[in-house]
Amino acid sequence: EAVCSSLLVERGLTLATAESCTGGLIARRITALPGASRVYRGGVVSYWTEVKAAVLGVPQDLLDQYGAVSEPTARAMAEGARRITGADIAVSVTGVAGPDPDERGNPVGLVFIGLATPDGTFCRRTESGRRTRDRIQDLSANHALDMVRRYLTGLEL
């Protein structure tokens with residue numbers, strides 16, 4: 001988060017978040033840094049599918065077809081966060097932190113991370129396996145921040 005914050009300041013860019021299974025962890029990590037208000041516009045913790053649709057604007061037909069834990073949903077969440085906050089880039093996380101698979105049978109540890117940017121929207125699928133809930137959340141937040149860092153430094157996403 002410190003590296004991302006510094007890179008955002010250097011480039012004069014802002015960030016927003018849309019979190020599900022991480023429950024605001026990314027936002028907490030960023031806002032814990034001094035000067036976070038220079039780069040962080042805000043975020044949405046959209047734990048319920050209805051909030052993904054109503055607040056972030058994820059199309060209901062997309063949620064019906066692919067489910068909340070999917071690449072299309074992660075992409076739409078990031079795009080929604082970017083749109084509603086006016087941030088330059090937005091990162092999203094949706095997945096299964098456990099202890100049980102979700103209603104569609106997606107396994108514990110499956111997480112999709114979206115990144116909406118002026119250059120397009122990207123997605124990373126991660127599978128951390130059957131770890132503890134807090135470990136899955138930590139790993140997911142790390143992956144999300146890594147995507148932001150990689151984008152800001154021009155590395156492959």
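The values are calculated or read from the model by the stated rules, or taken from the named source; none is laboratory data. Every value quoted in this text rests on a predicted model; they were computed, and no experiment measured them. Glycine also receives a Cβ, built like all others from the backbone with ideal geometry; neighbour counts cover every protein chain displayed. These area figures cover heavy atoms from the full protein model, side chains too; ligands, DNA and RNA do not enter into them. Shrake-Rupley method; radii C 1.70, N 1.55, O 1.52, S 1.80 Å.
Which percent of the Cα-Cα distances in the chain go past 21 Å?
Every Cα pair in the chain considered, those over 21 Å come to 37 percent.
Return the distance in nm (one decimal) between the two label points of a simple spin-label model at Arg104 and Asn142, each offset 7 Å from Cα along Cα→Cβ.
2.6 nm
Mind checking the per residue accessible area of the chain for me, 1.4 Å probe, whole number of Å²?
Roughly 47 Å² per residue, with all protein chains present.
Each residue of the range 138-154 in order: what ³J(HN,Hα) in whole Hz does its phi give by Karplus 6.51 cos²θ - 1.76 cosθ + 1.60, θ = phi - 60°, with x for Gly and Pro?
Coupling constants for the range 138-154: 4, 4, 5, 4, 4, 4, 4, 5, 5, 4, 4, 4, 4, 4, 5, 9, x Hz.
Using +1 at the C-beta of Lys and Arg and -1 at the C-beta of Asp and Glu, which of Ile30, Ser128, Ala81 has the Cα lying farthest in the positive direction of the dipole of the range 7-146?
Farthest towards the positive pole: Ile30.
Just to check I understand the Karplus step: with θ = phi - 60° and J = 6.51 cos²θ - 1.76 cosθ + 1.60, what whole-Hz values come out for the range 98-112, glycine and proline as x?
x, x, 10, x, 7, 5, 9, x, 5, x, 4, x, 7, 9, 10
Roughly how big is the range 9-157's charge dipole about its Cα centre, with Cβ charges of +1 (Lys, Arg) and -1 (Asp, Glu), in debye to the nearest 20?
Charge dipole of the range 9-157: 460 debye, to the nearest 20.
Based on the inverse mean of 1/r over its pairs of different Cα atoms, what is the Kirkwood hydrodynamic radius of the range 41-124, in Å?
Across the range 41-124, the inverse of the average 1/r is 12.7 Å.
Give me the percent relative contact order of the chain, please, defined on Cα pairs under 8 angstrom at least 6 residues apart.
24 percent
Mind jotting down the distance between the C-alpha centroids of the range 30-45 and the range 61-78, whole Å?
First find each Cα centre; the distance between them is then 25 Å.
Report, in cubic angstrom per residue, the convex hull volume of the C-alpha atoms of the range 95-146.
Given the Cα convex hull of the range 95-146, per-residue volume reads 69 Å³.
Given a 1.4 Å probe and every protein chain left where it sits, what share in percent of the accessible area of the range 40-157 is carbon and sulfur?
With neighbouring chains kept in place, the figure for the range 40-157 is 47 percent.
Just to be sure I understand the model, the point goes 7 Å from the Cα along the line to the Cβ. What's the resulting Tyr47 to Arg130 distance in nm?
Taking the two extended label points, one gets 2.5 nm.
Taking amide hydrogens as modeled 1.01 Å from N in the peptide plane, which residues meet the under 5 Å criterion relative to Val44, leaving out close sequence neighbours?
Those qualifying (amide H under 5 Å, at least 5 residues apart or on another chain) are Thr17, Ala18, Glu19.
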